[in-house]
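The values are calculated or read from the model by the stated rules, or taken from the named source; none is laboratory data. This structure is a prediction, so every number in the text was calculated from the model and none was measured. Please note: Cβ atoms are built from the backbone with ideal geometry, for glycine as well, and neighbour counts cover all protein chains shown.
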């Protein structure tokens, strides 16, 4: 009997000691310290290709250094540099049937300096008709690794102009091009088109740190969140011009920094842990897409993507949802590890928003990795959605530091059987 009581007491002491240790590292005061720096006005909204995002990257790297994280693979620092190409059109001329082509009705998604087309051969032709949903028809085409000519009916003129700006953004170097032509003639018999671009190189950088595993070094668990945001816009009558992005996604980045510190102190992970602050989520997910290309997806056991955890979920405090909950058993594993606690994870309550494929978990998930986003953000239709989403009002004063700390602790505790090697989540069906 005494032996049983001794074991029970030892268990309680161990649990109490564990709670003390995590509370000392992950707490509201530390959440506020990191959040305040990342969402400060001097970060200028952390827009890609600006001094503000570089300043944010330096801060994140300094926090990784404090936690004594190792560099990723053969890097000599915490930065994973990504080369991008921007193509600025200098001249566009040609004919589509009897219609003249120019910069007003042509948009080229390309990284080529010159494009010369004298027929439709070698290009797949796609038409965007009057009644087609522009976004659902057009934007998936950007992912196609093939040369394409997309004829867009003039009924979509306004959306076409917006898309022209999108095609002008920097992108990965590619050997294929998608040419969009705004035209009333969706069945032309002839085409000649000549485009000359000015190319310039731009760089982005993820911030990546590693805690090597003890017995399963070649099995990876990834904790990530994006640190970029929207930059500076026009001031409105109530707010300044800076999109501080406190919740989107300085909150997720704060979690990644704190989890890195916690697991580094714990120093008992059997699997290798990778902590990454992704760049360029807001302009196409280039940071996570590049990062995913550097890994063998079969070696990635799980990914925790943390996105907008600064406000209460629809269930209140001590709760969050997991996107794609039904696609693997990872959510069930996390919840089992929280058994007896006040915290609970729920399946994504907003399936119509397709959130599972709208964040930095998407690329790894498409490759079969159980990669899920953890969030509390209310993504319902107005007026029940997040009132500060993608607005200048997304500032630190709108966040709940205590609840954020509890969410981050819950992620740490719920992941313990995965990082220890005890549990391996089921794989997600690869996306074709």
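So here's what we get for this one:
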| quantity | calculated |
| --- | --- |
| Index of the failed condition, residue 357 passing every other in (1) touching a helix residue (DSSP H, G or I) at 6+ places or on another chain (Cβ under 8 Å); (2) modelled with pLDDT of 95 or more; (3) over 20 Å from residue 404 (Cα atoms) | (2) |
| From the options 92, 130, residue that is over 23 Å from the mean Cα position of the chain (by Cα) and surrounded by 16 or more Cβ atoms within 10 Å (Cβ to Cβ) | 92 |
| Filtered residues of the range 172-226 (kept if within 30 Å of residue 53 (Cα to Cα) and either out of contact with any strand residue (DSSP E or B) (no Cβ under 9 Å at 6 or more places or on another chain) or assigned to a loop (DSSP other than H, G, I, E, B) (or both)) | 172, 173, 174, 175, 176, 177, 212 |
| Odd one out for residue 196 among (1) modelled with pLDDT under 95; (2) under 21 Å from residue 90 (Cβ atoms); (3) surrounded by fewer than 20 Cβ atoms within 10 Å (Cβ to Cβ) | (1) |
| Residues (under 22 Å from residue 379 (Cβ atoms), surrounded by 24 or more Cβ atoms within 10 Å (Cβ to Cβ) and touching a strand residue (DSSP E or B) at 6+ places or on another chain (Cβ under 8 Å)) located in the range 286-319 | 287, 288, 303, 304, 305, 306, 307, 308, 309 |
| Count of residues meeting criterion [part of a loop (DSSP other than H, G, I, E, B), touching a residue at least 24 places away in the same chain (Cβ under 8 Å) and within 24 Å of residue 211 (Cα to Cα)] in the range 270-308 | 5 |
| Residue match in the range 70-78 (condition: in contact with a helix residue (DSSP H, G or I) (Cβ under 6 Å, 6 or more places away or on another chain), outside any strand (DSSP E or B) and closer than 29 Å to residue 210 by Cβ) | yes |
| Subset of the range 374-388 [surrounded by fewer than 16 Cβ atoms within 10 Å (Cβ to Cβ) and in contact (Cβ under 8 Å) with a residue 24 or more places away in the chain] | 380 |
| Any hit, the range 404-412, residues being closer than 27 Å to residue 31 by Cβ and either under 17 Å from the mean Cα position of the chain (by Cα) or surrounded by fewer than 19 Cβ atoms within 10 Å (Cβ to Cβ) (or both) | no |
| Members of the range 376-424 that are in contact with a strand residue (DSSP E or B) (Cβ under 6 Å, 6 or more places away or on another chain), within 22 Å of residue 257 (Cα to Cα) and not in a helix (DSSP H, G or I) | 376 |
